[in-house]
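Notes for the one structure printed next.
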Amino acid sequence: MTKIMTVTANTAIDLLLEVESFALGETLSAERAEEFACGKGINVAKAIESLGHAVLCLGFAGARSIDTFHALQTEWFKTDLTEVFGKTRINITLHDSASGRETHIRTAGFRVTQDDCRRLCETVESHAEPGAIVIISGSLPPGAPDEVYRNLIEVCRERGMTTFLDASGPGLSRGIEAKPDAIKPNQQELEALLGKSLPDERSIAEAARELVGQGIQRVYVSRGEHGCIAAYENMTISAYFNTAPEQIVSRVGCGDALVAGLAVAAWRGLDAEAALKLGVACGTANLFSKEPGRFDSGLLVDIGGHVTLEPIH
């Protein structure tokens, strides 16, 4: 069986607090409080497991928090994390149940060294095998050189692996120098990468095609409720869920679930349109899950029936 791996350089502990009618300056009682071991690549791995596929999680975790990530392990979900000094950062999501709005608060966690990055690269290399799929996700932690993702992609490509990159800032701009097989920026990340506003579907599509022209085979641009724009060498497609979703639980991790669907589609050998349908269906299913990435795969058939694909000329 083809191996699927994720790399999460900046893991996180996500704290989800649900309150009714959030107001600044008030003392509020949370209707619900949940804590999850996360980080973008961890979320992707949970979604891959939700799709019934085995996955291996690599990346950094703070020594004071690593047991939380070890506890994720199951028959289908394995970890081989690189332990670093300190603790993993905590991200807080405040969900207002009355309005449906979410407020995200990010904190700083561990800092990595050059030696830590070398150890991570060696771990990735030790698991590399021809035909495997590796998804490198998320921001770079403090202390990490800008070229870390580029180096990891080069190592994986040399060993015949398919590489997905879902990053921002230097992780994205330097990572694409190694020509990953696929990238998945969101609209804001793509605008930051290119240094210009992309106000509409056509401008996003043109920007995505520009990156394909630079040697990246597949460019997926996530757009939240507007779905995803995908550019390939010979076509560009808009994919979106055509029905307003009801009873949204959380929007955290929907982009990660999208990436998971695309990666599993690559493993299954699906064509471009079927891959997009699965990716958007996974991202939508994640809306109804309290834990990022862990969704009910039984929803996918129904959701997939409401995913619209439209060519962009």
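State whether one or more residues within the stretch 123-130 are surrounded by 14 or more Cβ atoms within 10 Å (Cβ to Cβ), of a type in the set (V, I, T) and under 30 Å from V19 (Cα atoms).
no
Which number in (1) out of contact with any Asp or Glu (no Cβ under 8 Å at 6 or more places or on another chain); (2) surrounded by fewer than 17 Cβ atoms within 10 Å (Cβ to Cβ) marks the one condition that R159 misses?
So the condition that R159 fails would be (1).
If I filter the stretch 1-31 down to residues being among the charged types (D, E, K, R) and touching a residue at least 24 places away in the same chain (Cβ under 8 Å), which single residue comes out as nearest to G171 (Cα to Cα)?
Only one residue fits best here, namely D14.
Tell me which residues, restricted to the stretch 36-49, are touching a residue at least 60 places away in the same chain (Cβ under 8 Å) and part of a strand (DSSP E or B).
Hits for the stretch 36-49 are F36, C38.
Here is a list: T68, T8, T27. Which entry is of a type in the set (S, T, Y), within 30 Å of A265 (Cα to Cα) and surrounded by fewer than 24 Cβ atoms within 10 Å (Cβ to Cβ)?
After applying the criteria, what remains is T68.
D80 is checked against (1) in contact with a Leu (Cβ under 8 Å, 6 or more places away or on another chain); (2) buried (at least 18 other Cβ atoms within 10 Å of the Cβ) and fails just one. What number does that condition carry?
Evaluating D80 over (1) in contact with a Leu (Cβ under 8 Å, 6 or more places away or on another chain); (2) buried (at least 18 other Cβ atoms within 10 Å of the Cβ) leaves (2) as the failure.
Out of the stretch 252-285, which residues are outside any helix (DSSP H, G or I) and buried (at least 20 other Cβ atoms within 10 Å of the Cβ)?
Passing the criteria: V252, G253.
Does the stretch 50-64 contain at least one residue that is free of Cβ contacts under 8 Å to residues at least 40 places away in the same chain and on the phi > 0 side of the Ramachandran plot?
Scanning the stretch 50-64 turns up no residue that is free of Cβ contacts under 8 Å to residues at least 40 places away in the same chain and on the phi > 0 side of the Ramachandran plot.
May I ask you to verify whether P245 is at pLDDT below 95, over 14 Å from N186 (Cα atoms), over 20 Å from the mean Cα position of the chain (by Cα) and surrounded by fewer than 19 Cβ atoms within 10 Å (Cβ to Cβ)?
Taking the combined requirement at face value, the residue satisfies it.
What single numbered condition from (1) in a helix (DSSP H, G or I); (2) surrounded by fewer than 16 Cβ atoms within 10 Å (Cβ to Cβ) fails to hold for R111?
It is condition (1) that R111 fails.
Could you please find all residues in the stretch 289-313 being of a type in the set (V, I, T) and within 20 Å of A244 (Cβ to Cβ)?
V301, I303, V307, T308
In the stretch 84-100, which residue that is in contact with a strand residue (DSSP E or B) (Cβ under 8 Å, 6 or more places away or on another chain) and part of a loop (DSSP other than H, G, I, E, B) is surrounded by the most Cβ atoms within 10 Å (Cβ to Cβ)? Step through it out loud before you land on a result.
Step one: list which residues in the stretch 84-100 are in contact with a strand residue (DSSP E or B) (Cβ under 8 Å, 6 or more places away or on another chain), which gives 84-97.
Those still in the list that are part of a loop (DSSP other than H, G, I, E, B) too: 85-88, 97.
Working: F85: 12, G86: 18, K87: 16, T88: 27, S97: 14.
Step by step, filter the stretch 84-100, then rank; the result is T88.
Report yes if some residue within the stretch 75-83 is farther than 20 Å from R118 by Cβ, part of a loop (DSSP other than H, G, I, E, B) and touching a strand residue (DSSP E or B) at 6+ places or on another chain (Cβ under 6 Å); otherwise report no. It would help to see each step written out before you state the result.
Kept after step one, since they are farther than 20 Å from R118 by Cβ, are these residues of the stretch 75-83: 75-78.
From what's left, part of a loop (DSSP other than H, G, I, E, B): 75-76.
Next, only the ones that are touching a strand residue (DSSP E or B) at 6+ places or on another chain (Cβ under 6 Å) stay: none.
Scanning the stretch 75-83 turns up no residue that is farther than 20 Å from R118 by Cβ, part of a loop (DSSP other than H, G, I, E, B) and touching a strand residue (DSSP E or B) at 6+ places or on another chain (Cβ under 6 Å).
Hey, does the stretch 298-311 have a residue that's surrounded by 15 or more Cβ atoms within 10 Å (Cβ to Cβ) and among the polar types (S, T, N, Q)?
Within the stretch 298-311 (the criterion being surrounded by 15 or more Cβ atoms within 10 Å (Cβ to Cβ) and among the polar types (S, T, N, Q)), the answer is no, since none of the residues qualifies.
With the requirement that a residue be in contact with a helix residue (DSSP H, G or I) (Cβ under 9 Å, 6 or more places away or on another chain) and either basic (K, R) or over 13 Å from T11 (Cα atoms) (or both), what does the stretch 105-123 give you?
Listed by number, the residues that qualify are C117, L120, C121.
I need the full set of residues from the stretch 52-71 which are more than 23 Å from C156 (Cβ to Cβ) and in contact with a Ser or Thr (Cβ under 9 Å, 6 or more places away or on another chain), in order please.
G52, G62, R64, S65, I66, T68, H70
When you scan the stretch 123-157, how many residues do you find that are touching a Pro at 6+ places or on another chain (Cβ under 8 Å), within 17 Å of A61 (Cα to Cα) and either among the polar types (S, T, N, Q) or not in a strand (DSSP E or B) (or both)?
1
Scan the stretch 286-299 for residues that are in a helix (DSSP H, G or I) and touching a residue at least 24 places away in the same chain (Cβ under 8 Å) and report the count.
4
Write out, first by first residue and then by second, each pair whose Cβ atoms fall under 9 Å of each other, whose residues are 6+ apart or on separate chains, and whose first residue, in the stretch 106-123, is within 16 Å of G39 (Cβ to Cβ) while the second is acidic (D, E) and part of a helix (DSSP H, G or I).
Partner pairs satisfying both residue conditions: F110/D116.
The values are calculated or read from the model by the stated rules, or taken from the named source; none is laboratory data. The model shown is predicted, which means the values in this text are computed figures rather than measured ones. As a convention, Cβ positions derive from the backbone with ideal geometry for all residues, glycine included, and neighbour counts pool all protein chains shown.
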